[in-house]
1. Residue check, B:VAL234 against (1) more than 22 Å from A:GLU320 (Cα to Cα); (2) touching a Pro at 6+ places or on another chain (Cβ under 7 Å), all met but one. Which one?
2. What residue, among those in the stretch B:89-119 that are buried (at least 18 other Cβ atoms within 10 Å of the Cβ) and in a loop (DSSP other than H, G, I, E, B), is nearest to ligand 1 (Cβ to nearest atom)?
3. Has the stretch B:192-201 got at least one residue that is modelled with pLDDT of 90 or more and more than 16 Å from ligand 1 (Cβ to nearest atom)?
4. Could you tell me which numbered condition B:ILE80 fails, if it satisfies all but one of (1) within 12 Å of chain A (Cβ to nearest Cβ); (2) under 18 Å from B:VAL31 (Cβ atoms); (3) buried (at least 19 other Cβ atoms within 10 Å of the Cβ)?
5. Could you please give the count of residues in the stretch B:58-88 that are under 27 Å from A:THR251 (Cα atoms), in a loop (DSSP other than H, G, I, E, B) and more than 14 Å from ligand 2 (Cβ to nearest atom)?
6. Do the conditions hold for A:LEU297, that is, is it surrounded by 15 or more Cβ atoms within 10 Å (Cβ to Cβ), among the hydrophobic types (A, V, I, L, M, F, W, C) and within 30 Å of B:ILE132 (Cα to Cα)?
Amino acid sequence: MSEIESAMSTPPRTIGQELMSEEGARRVRRRYRADARFRAYGIIAICIALGVLAILVGTLVSSGYTAFVQTQVRVTVDLRDADIDPADVRAANWRGIATGAIESLFPDLPQSDARVMRDMVSQGAPFIIRDAVMDDPALIGTVFDIEIPASDRIDQLNKGAIDRDSPADHRVVTDQQIGLFDQLEAEGRISTPFNTALFTAADSRFPELAGLWGAIVGSFYALAVCLVLAFPIGIAAAIYLEEFAPKNRWTEMIEININNLAAVPSVVFGLLGLAVFLNVFGMPRSAPLVGGMTLALMTMPTIIIASRAALKAVPPSIREGALGVGASHQQAVLHHVLPLAMPGMLTGTIIGLAQALGETAPLLLIGMNAFITAAPDSMLSPSTALPTQIYIWADSPERGFVARTSAAILVLLGFLVCMNAIAIWLRSRLERRW
Amino acid sequence: MNEATSHAGSVSVQHAHDVTGMPTKVHAREVTVHYGEKQALFGVSMDIPANSVTAFIGPSGCGKSTFLRCINRMNDTIDICSVGGRITIDEQDIYDPSLDVVQLRARVGMVFQKPNPFPKSIYDNIAYGPRIHGLVRSKSDLDGIVESSLKRAGLWKEVSDRLSEPATGMSGGQQQRLCIARAIAVSPEIILMDEPCSALDPISTAHIEELIDELRENFTIIIVTHNLQQAARVSQMTGFFHLGKLIEYADTGDVFQNPQHSMTEDYITGRFG
Ligand SMILES: Nc1ncnc2c1ncn2[C@@H]1O[C@H](COP(=O)(O)OP(=O)(O)OP(=O)(O)O)[C@@H](O)[C@H]1O
Ligand SMILES: [Mg+2]
């Protein structure tokens with residue numbers, strides 16, 4: 001008995017006693033502190049990431065928001081004496097008509113100031129008036145008001161981007177132009193509506209006329225081609241490699257190569273597109289078709305890798321269950337594995353496409369950074385794409401393009417956010433539990 | 001028919017006096033299995049009688065599942081697995097290259113350890129097999145198969161009013177019975193069950209044991225189990241595996257009451273395993 005008691009008197013401490021002791025309590029406190037620190041690191045990291053993102057978007061918005069509105073001048077056009085053949089409206093002297101309309105805004109100015117007056121509104125004025133009349137031939141022989149975009153300088157002046165108090169030789173508008181602008185403003189001819197041209201017009205030399213429509217259509221065509229090529233090929237390759245390919249040295253090598261392809265810089269794919277599609281096959285330069293094919297090369301490894309991961313994630317028990325009731329291997333894959341893997345595959349595809357949408361280098365190499373003033377009407381007509389349009393605008397000296405570059409980046413980011421939102425939505429829609 | 005044959009290193013009693021009195025359904029001779037370099041089965045030979053329940057028992061890793069999966073060639077799906085020897089079902093060699101493995105698997109259904117219903121509706125789970133095998137002409141035929149399979153699996157009462165709900169929303173025991181219903185819906189001749197009750201509570205287990213007993217009338221059932229009482233309760237024949245060898249194979253009463261091999265005795269009395 002005493003032996004037992006003495007053994008009991010110095011027993012190894014149980015875990016409960018251990019935790020209750022002074023030292024144990026200290027250890028627990030230390031662990032709590034470590035936990036809290038760990039959480040704090042995580043929160044700090046997220047804050048930094050969000051902060052950088054906020055700075056990026058903030059800069060873009062602050063420099064780009066002015067591009068979403070456009071200064072317009074209401075000009076009165078008098079076509080009563082104009083010589084316009086209704087059968088061939090295009091042939092009329094629109095330049096003269098526009099000049100007359102603009103000069104009539106400033107009846108006090110001498111003819112010698114014609115140039116100053118013309119510089120108040122966009123040089124596209126003749127075409128804008130012409131297009132309006134072609135849309136509505138009833139205007140022939142009448143007097144009507146039309147909104148014409150102000151020239152880039154006046155636009156900047158109106159948006160407050162030009163400091164009126166700075167010395168005259170430091171600013172791009174003269175005192176006289178400021179005076180004319182104030183006069184128009186006083187007459188109520190100046191308005192600043194939403195800049196629809198940004199979304200409906202193609203590129204132009206004049207920032208006040210330039211828009212993203214051509215680039216949006218170009219990007220759309222290129223992405224459509226990319227999707228049509230990369231999705232089926234990528235998915236078929238993933239299914240074959242994951243489900244059917246024998247595991248041997250060959251397939252192993254193919255796997256390694258695909259993984260490496262995903263890491264190849266995109267400019268290399270551009271060079272490949274240039275060398276193969278343009279030089280060997282002689283396809284047209286700057287065409288969205290070629291852009292899409294080049295982007296497809298780049299996107300395919302991404303799709304294959306994402307699709308294989310999605311296929312791998314399908315539990316083998318589902319496959320075995322199907323085989324167990326006598327489904328063939330192909331039936332098991334098509335009926336059971338593929339539907340379960342589809343959300344992952346689609347998500348991977350959309351993320352791959354989003355990457356392709358933002359890709360610039362390969363498109364530069366195949367010439368999609370050309371100056372093109374009309375939206376492409378087919379996959380083969382020359383075109384720009386959103387990222388290359390940004391590149392072009394960022395390179396242009398006119399003030400108006402500075403804000404437009406930021407605005408274009410915002411538009412591109414908007415498309416990317418939409419695509420990722422679709423991916424998330426698809427995933428939550430299609431994802432099933434098993 | 002008391003013929004005891006000895007094989008290199010293993011004494012196997014192929015069939016002791018066969019209490020079932022049934023003709024042989026599955027006939028295995030000298031079956032060996034390698035996983036890559038590693039040998040998992042060493043010359044297993046046994047005759048499994050038709051319309052009876054045969055249980056495989058033995059310690060973990062002894063090759064029960066491996067042997068079971070040889071019978072419907074599920075091992076084909078494992079790249080590194082190679083099978084030697086000869087297995088026939090109704091005298092037909094199932095490893096004959098001219099035999100269609102998909103048809104074989106339709107004849108030899110399988111129920112797995114973990115319930116694995118398809119993530120589809122209860123109805124579609126059962127209907128899948130009959131559909132792909134073209135067993136039905138019309139929707140009403142299919143409805144009939146679904147209903148009778150669920151009834152035979154003892155699940156009809158519980159799910160008849162929610163056939164279109166996802167199968168994954170059922171309890172584990174219900175899911176396992178659904179998997180059994182799914183297996184019998186294609187009217188196989190043999191049903192392989194690999195520890196079908198290991199994830200289930202005693203009540204669900206009792207359900208499935210009853211079910212197995214009823215299914216014996218129409219199917220040949222081979223079941224792997226770690227639960228010796230279960231083997232004793234449901235099976236007519238029992239095979240004891242150890243380290244990839246079939247140590248003893250006889251009718252269940254003999255194996256449990258009068259084991260011929262000391263290893264079997266040690267195992268069923270709980271001295272090792
Ligand atoms: N896919 C596989 N690849 C490699 N070795 C395997 C594979 N499956 C089984 N084995 C090996 O084969 C041997 C037999 O395995 P098996 O699964 O047949 O055992 P078991 O008797 O079913 O065991 P348990 O009762 O634990 O399920 C084991 O040693 C195992 O490691
Ligand atoms: Mg097993």
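1. (2)
2. Out of the qualifying residues, it is B:PHE112.
3. Looking for residues that are modelled with pLDDT of 90 or more and more than 16 Å from ligand 1 (Cβ to nearest atom), one finds none in the stretch B:192-201, hence no.
4. For B:ILE80, the failing item is (3).
5. 3
6. On the way: surrounded by 15 or more Cβ atoms within 10 Å (Cβ to Cβ): yes; among the hydrophobic types (A, V, I, L, M, F, W, C): yes; within 30 Å of B:ILE132 (Cα to Cα): no.
No: the conditions fail for A:LEU297.
Results for (1) closer than 21 Å to A:ALA327 by Cβ; (2) touching a helix residue (DSSP H, G or I) at 6+ places or on another chain (Cβ under 9 Å); (3) free of Cβ contacts under 8 Å to residues at least 60 places away in the same chain, shown as yes or no for each residue.
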{"site": "B:ARG152", "(1), (2), (3)": "no, yes, no"}
{"site": "B:LYS157", "(1), (2), (3)": "no, yes, yes"}
{"site": "B:PRO166", "(1), (2), (3)": "yes, yes, yes"}
{"site": "B:ALA183", "(1), (2), (3)": "yes, yes, no"}
{"site": "B:CYS197", "(1), (2), (3)": "no, yes, yes"}
{"site": "B:THR205", "(1), (2), (3)": "no, yes, yes"}
{"site": "B:ILE208", "(1), (2), (3)": "no, yes, yes"}
{"site": "B:ILE212", "(1), (2), (3)": "no, yes, no"}
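Residues are listed down the side, and each one gets a yes or a no for (1) in a helix (DSSP H, G or I); (2) small (Gly, Ala, Ser); (3) within 14 Å of chain B (Cβ to nearest Cβ):
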position	(1), (2), (3)
A:ILE318	yes, no, yes
A:ALA332	yes, yes, yes
A:HIS335	yes, no, yes
A:GLY352	yes, yes, no
A:PRO362	yes, no, no
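The values are calculated or read from the model by the stated rules, or taken from the named source; none is laboratory data. These figures come from a predicted structure and were not determined experimentally. Cβ: placed from backbone, ideal geometry, glycine included. Neighbour counts: every protein chain shown.
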